[in-house]
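Shown next, in structure tokens, is the structure this report addresses.
The values are calculated or read from the model by the stated rules, or taken from the named source; none is laboratory data. All of these numbers come straight from a predicted model, not from anything done at the bench. For neighbour counting, all protein chains shown are included, and Cβ atoms are generated from backbone atoms with ideal geometry for every residue, glycine included. Ligands, DNA and RNA are stripped out before the accessible areas are found, and what is left, the full protein with its side chains, is counted by its heavy atoms. Shrake-Rupley method; radii C 1.70, N 1.55, O 1.52, S 1.80 Å.
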Amino acid sequence: MIDGHVEFTFDLGTGTASLRSPWTVSLGEWHRLWISRTGKLAVMRVDNQPEVQVLSPEAFTQLSLPLSMYIGGVPDFDTVPAQIKVRTSFKGCIQKVTINEKPLQIVRGALSGANVANCPHPCVAKPCGDDVQCVPIFDKYKCVCDRRCNSSDGDQVSFDGTSFVHYTGHEVQQRITDGHLDINMRFRTTALTGLILWTGRSDRSADFLALGLQDGRIEVAYDLGSGETVLRYNTTGLPINDGHWHRMKFTRDERLSALTIDNGTKMITISTGRLKQLNTNTGLYLGGTEDVEKSTGKRYRKGFVGCISDFILNTDYQVKLSWSTGKERVCIS
């Protein structure tokens, strides 16, 4: 940070090249910084500011870094090249660092450090419980469930359109990408639209499955890599956002899928193309995602508002729900 701007400087051995954010960043707020370097070309973007680029001088393209990486400062600024204008350590909060798509464990992965403390955040109070990981997302958070999140009791939880649960364990991932998928849950809502469940790919390629409310009716959209298939449940003539409990069952056997609400008529469709496998790698999101519009290609604008209970995958795996939000959000039957 220099005079309120973000600066990035690098040297491949033939002289420094620098990037500077076009605008200053506001203080006391979270910001997202993205930097990429390929050979001599470096690109930087801060939040929604214009992207800036620079080319390193001369012909060298490799960056040789034999020393350790430091975050927040260095023990001795005399070791920092004179071309770097900053001579004070960073004062503020750093929430997430990802290098080449691999998240960095800022504290637990460090060799050493000094004067590092937790920033004020809801995760400090362990809102997800002791056994589930609380992952900060700016001022909010998500509860990430691994293999330990399996429950035998019929718990229930509510969502407010911004809250969601993210399951990343092998048991869940294996079931949603299996040739046979069975989703069985009870829900109630008064909302017209909202994303209930989503799984996709981190590289934003074709394969995905989105289940949600559209105009007060359940809709399932999925793509196995050969084109999008949409299955809407509209046989009753009445929307199901009446505030009462309903049971929804969605099954997919390779290209054939079926959707049933309560004891109503089963709606059936067959996906296009020849591909039969759902190849997603993001785990399973329930209630929404970090960015619903981006995840669903603007099919949904917000997450689910309502209650979900008795969530079962493939008839044999009851997914734990009760830890995902605070007690004030537990549904009342």
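Within the straight-line cut-off of under 17 Å between alpha carbons, the aspartates and glutamates reachable from K298 are D203, D207, D215, E219, D223, E228, E290, sequence neighbours fewer than 8 places apart in one chain being disregarded. Each label point was placed 7 Å from the Cα along the Cα-to-Cβ direction; for L33 and H170 their separation is 3.7 nm. Using a simple spin-label model with pseudo-atoms 7 Å out from Cα toward Cβ, D47 and N100 lie 3.1 nm apart. For the residue pairs K91/K126; K140/K294; K294/K320; K85/K294, the C-alpha atoms sit more than 28 angstrom apart in K85/K294.
Estimate the FRET efficiency between D139 and M69 by the formula 1/(1 + (r/R0)^6), using the beta-carbon distance for r and 41 Å for R0, to the nearest 0.05. E(calc), rounded to 0.05, equals 0.90. Who wins for biggest fluctuation among Q318, Q156, Q105 in a Gaussian network model of the chain, springs between alpha carbons below 10 Å? Sorting by GNM fluctuation, first place goes to Q105. Packing-based ranking of 295-303, 34-42 yields 295-303, 34-42, ordered from highest to lowest mean Cβ neighbour count within 10 Å. Relative to the current alpha-carbon distance between C119 and D215, full extension at 0.36 nm per residue lengthens the span by 30.5 nm. With all protein chains in place and a 1.4 Å probe, the accessible surface of the chain carries 50 percent carbon and sulfur. For the listed peptides 269-281, 185-197, 115-127, a ranking on the average number of other beta carbons within 10 Å per residue, highest first, reads 185-197, 269-281, 115-127.
Annotation: for a label point projected 7 angstrom from Cα along Cα→Cβ of T16, residues of segment 70-99 with backbone N closer than 16 Å are 74, 77-89. Take segment 54-101 with all the other protein chains still there, run a 1.4 Å probe, and you get 88 Å² of accessible area per residue. Once label points are set 7 Å from the Cα along Cα→Cβ at both N281 and K126, what is their separation, rounded to one decimal in nm? So the two model labels end up 3.3 nm from each other. The stretch between D262 and H5, if pulled fully straight at 0.36 nm per residue, gains 86.9 nm over its current Cα-Cα span. Select one label from (1) 18.0; (2) 15.6; (3) 20.2: the one whose number is mean projected area of the Cα convex hull in nm² as derived from the coordinates shown. Computed from the coordinates, mean projected area of the Cα convex hull in nm² corresponds to (3). What FRET efficiency comes out for R201 versus T88 if R0 is 41 angstrom and r is the Cβ-Cβ distance? Round to the nearest 0.05. Efficiency, from the Cβ-Cβ distance: 0.50.
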